[in-house]
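Beneath this line is the structure, given in structure tokens, with notes to follow.
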């Protein structure tokens, strides 16, 4: 199988958040099936969905992979488990969260795998780092450019606080 480009969102709000993101990236790069092309800066962001918890550190990475979407999801879930992630509640605190945002131009709608990620076009903590590493992205489900999506979300969600950490 030839390689596909994909984008993975990383998030952590427990423990040493920056170290957690770095460890997850290291574990991705250690896979013979994943090559990291680019990584965004880290961004300090307020929680989304469930707000009464610690702020998150978020990042997006651009990868090439020969894994199919389901295999990539399983690979990422394995990294989360190895890092000690436990899911107690939806959108709750977590040591690491790895989400497939885009996988080539594919549109996938399965019970536990939706690509493009169903909330990606609503979350500044995904959109801003995504634009940082590739400002040419077009979302395959909406046909909108990253710039168009960002303008819409910024008009609605300017209250979200995002701080770039260099």
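Computed from the coordinates by the stated procedures, all read-outs in this text should not be read as laboratory data. This is a predicted model, so every value here is computed, not measured.
Taking Cα pairs under 8 Å and at least six residues apart, what relative contact order does region 4-165 come out at, in percent?
29 percent
Whole angstrom only: what separates the Cα centroid of region 94-166 from the Cα centroid of region 28-71?
Result: 11 Å between the Cα centres.
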